[in-house]
Amino acid sequence: MNKYDTQTLQEYDRRYVWHPFTQMKEWEEDEPIVIERGEGSFLIDTDGTRYLDGVAAIWTNVHGHCKKEINEAIKAQVDRLEHSTLLGLAGEQPALLAKRLVDIAPPGLCKVFYSDNGSTAVEIAVKMAFQYQQHKGHTGKTKFISFTNAYHGDTVGAMSVGGIDIYHDVYSPLLFPTIKAPAPYCYRCPMETSDSSSCGKVCLKELERLMADHAHELAALVIEPRVQGAGGMITQPEGFVRTVRELCNKYDVLMIADEVAVGFGRTGAMFACEKEGVTPDLMALSKGITAGYLPLAATLTTQQVYNAFLGEYRELKTFFHGHTFTGNPIACAAALASLDLIEKEQLLANLQPKIEYLKDRLNSLKSLVHVGDVRQEGLIGGIELVRNRATKESYHWEERIGVLVCRAARKHGIFLRPLGNIIVVFPPLSISLAELKQLMDGIEASIREVTE
Ligand SMILES: *Cc1c(COP(=O)(O)O)cnc(C)c1O
């Protein structure tokens, strides 16, 4: 093995690597942790320091790091085939995985289009929805409705349906225009209702008004079901997704569910839509699909959408889209091994006590003077820090209170990444109760140290 010392690796990183979502001027002045190994819920750096992985390798990890069964499935696949193509050929692993995905997906989703990251999974859904309406002769239905504060990825189409101003504003001349509906955020309702319990209702009312006005020009609606992830782990009131589905039916608008962050057990159900008995017309999957091992994504859709693309070649109804590494067999093998483990280890059933424990711990954090709101969906937690709890006055974003808390957490052996003033709890789903306790103890201590 290599064995470059930590300083050399830090030096190479500083000199040659441009990090995502990172002010590199600041990064260059810092000494980054260099991760070398993973073990279950832990990441281990080049000096041997262990960090509990509180963000599950950026919301992807399901069974822990270096899980034996997945490692073996990948090794076995590498010795059979590393890659071919789905352009003109079928493949063993992508065929097997497509069947498995359809078996577990909300009923009615029966076709799988592969790509390799969450942004492309959403782009594909957007393009499919657009072209579907064209093929159906609804030539005026060319627009999309999406939500304020939404995040669907960083490519141009995915940004267009996104709604996080600090990420997207600079690119606005590049984006296609969309109709923005207010997303419920009970703690700070965008409709400025003072009664947090009615936030969902007023948002839905406004959504219906927008959909009624624009139905003739709407191809599809895009939603992160149950929880807006990058927007701050903002949970939706019970029944919200179901009502969105009903409105899509009523106004003949396709529903695109972006389950990139919430799919594969994260919410306590296999898919978030399941919790509301909803089948979207298109569903985007990525992050957890390979349990955090390899880049892979899938856009699932219905027979109805698929059928609209069938015709003679000269009719040009083909879906003209495809990525080079579409359906990569190694990634598919990892995904199949993960699905086997989810079943064999009864992942969903075993999540319940952890979800309950997280609930208790989040609730008790409400007593801290600078915790304004706590939110939970399955094994996702969001802790919103505020300067003043009575007035809900935020910390100014330039204070970067979230960053400071996550910095402090490192001394407790925990790696976290915040979203603005929101501390995110997003551990591997395989985390043990003892490790979850360690994580929440460390988060609580870090919040106290920085804010009190
Ligand atoms: C992460 C994420 C994406 C983008 O996925 P990438 O693989 O980073 O392109 C899209 N939608 C949601 C909800 C996400 O959390």
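The values are calculated or read from the model by the stated rules, or taken from the named source; none is laboratory data. For clarity, every value in this text was computed on a predicted model and none was experimentally measured. Note: ideal-geometry Cβ built from the backbone for every residue, glycine included; neighbour counts use all protein chains shown. For the accessible areas, the whole protein counts, side chains as well, though only heavy atoms, and no ligand, DNA or RNA atoms are used. Shrake-Rupley method; radii C 1.70, N 1.55, O 1.52, S 1.80 Å.
Only lysines eight or more places from Lys344 in sequence, or on another chain, were considered; those with a Cα closer than 16 Å are Lys67, Lys68. Using the 1.4 Å probe convention, the accessible area of the stretch 280-349 works out to 43 Å² per residue with neighbouring protein chains retained. So which of Lys143/Lys287; Lys205/Lys359; Lys143/Lys250 end up more than 19 Å apart by C-alpha? Correct reply: Lys143/Lys287; Lys205/Lys359. Extension gain, Ala90-Asp360: 0.36 nm per intervening residue step, less the Cα-Cα distance, totals 92.4 nm.
Between Glu82 and Thr6, the modelled labels are 3.3 nm apart [label points 7 Å from Cα along Cα→Cβ]. Accessible surface of Met159, taken over heavy atoms with a 1.4 Å probe and every protein chain present, rounds to 10 Å². Placing a label point 7 Å from the Cα of Gln23 along the Cα-to-Cβ direction, the residues of the stretch 383-419 whose backbone N falls under 17 Å from that point are 395-407, 418-419. With only the Cα atoms considered, the stretch 186-304 has a convex hull volume of 113 Å³ per residue.
Our note on the geometry: Cα centres of the stretch 130-152 and the stretch 207-247, 13 Å apart. Helical runs assigned H by DSSP (4 residues or longer) give the chain a calculated mean residue ellipticity at 222 nm of -11500 deg cm²/dmol, each run adding -39500 (n - 2.57) before division by the residue total. Toward the positive end of the charge dipole of the chain, with +1 on the Cβ of Lys and Arg and -1 on the Cβ of Asp and Glu, the farthest Cα among His63, Gly413, Leu96 is that of Leu96. Per-residue extension of 0.36 nm, minus the Cα-Cα distance of Asp13 and His214, leaves a gain of 67.5 nm for this segment. Packing, as the average of other Cβ atoms within 10 Å across residues, places the peptides 146-154, 57-65 in the order 146-154, 57-65, highest first.
In units of the rule-of-thumb radius 2.2 N^0.38 Å, the stretch 121-195 shows an alpha carbon radius of gyration of 1.25. When Rg and the Kirkwood radius Rh are both evaluated on Cα atoms of the stretch 314-452, their ratio Rg/Rh stands at 1.14. Straight-line cross-link reach from Lys411 at under 22 Å between alpha-carbon atoms covers these lysines, not counting any fewer than eight positions away in the same chain: Lys437.
Bridge orientation summary for the stretch 190-297: considering DSSP beta bridges with both residues in this region, about 20 percent are antiparallel.
Applying Stokes-Einstein at 4 °C and 1.567 mPa s to the Kirkwood radius of the stretch 358-429, computed over alpha-carbon pairs, gives a translational diffusion coefficient of 103 µm² s⁻¹. The stretch 356-415 and the stretch 13-50 have Cα centres lying 24 Å from one another. For the set Phe21, Phe130, the ranking by accessible area, highest first and with no ligand, DNA or RNA atoms included, is Phe21, Phe130 under a 1.4 Å probe. Legend: P(r) of the chain from all alpha carbon pair distances, 10 Å bins from 0, whole percents, reading 4, 20, 30, 28, 14, 4, 0. Residues of the stretch 228-268 with an amide N closer than 13 Å to a point placed 7 Å from the Cα of Ile179 along the Cα-to-Cβ direction: 247-254.
Where both residues lie in the chain, what percent of DSSP beta bridges are antiparallel, nearest 5?
Bridges in the chain are about 70 percent antiparallel.
Taking all protein chains together and a 1.4 Å probe, the residues Lys141, Lys67 rank Lys67, Lys141 from largest to smallest accessible area. Solvent exposure of the stretch 125-223, expressed per residue, is 45 Å² of accessible area, with all protein chains present and a 1.4 angstrom probe. Taking all protein chains as they are arranged and a probe of 1.4 Å, the heavy atoms of Leu210 leave approximately 20 Å² accessible to solvent. Here the contact order of the chain, divided by its residue count and restricted to Cα pairs under 8 Å and six or more residues apart, works out to 21 percent. The value of relative contact order for the stretch 137-238, using C-alpha pairs under 8 Å at least six residues apart, is 34 percent. Taking only protein heavy atoms and a 1.4 Å probe, the accessible area of the stretch 72-344 is 56% carbon and sulfur. By a 1.4 Å probe calculation restricted to protein chains, Leu86 has an accessible surface near 60 Å², given to the nearest 10.
You can think of it this way: the chain between Val170 and Ala445 has 95.3 nm of extra reach, that is 0.36 nm per residue less the Cα-Cα gap. Dipole size of the stretch 72-344 about its Cα centre, with +1 on Lys/Arg Cβ and -1 on Asp/Glu Cβ: approximately 320 debye, rounded to the nearest 20. In the chain, if the dipole is taken from +1 on Lys/Arg beta carbons and -1 on Asp/Glu beta carbons about the Cα centre, which of Val450, Gly231, His396 is farthest to the positive end? Ranked along the dipole, the leading option is Gly231.
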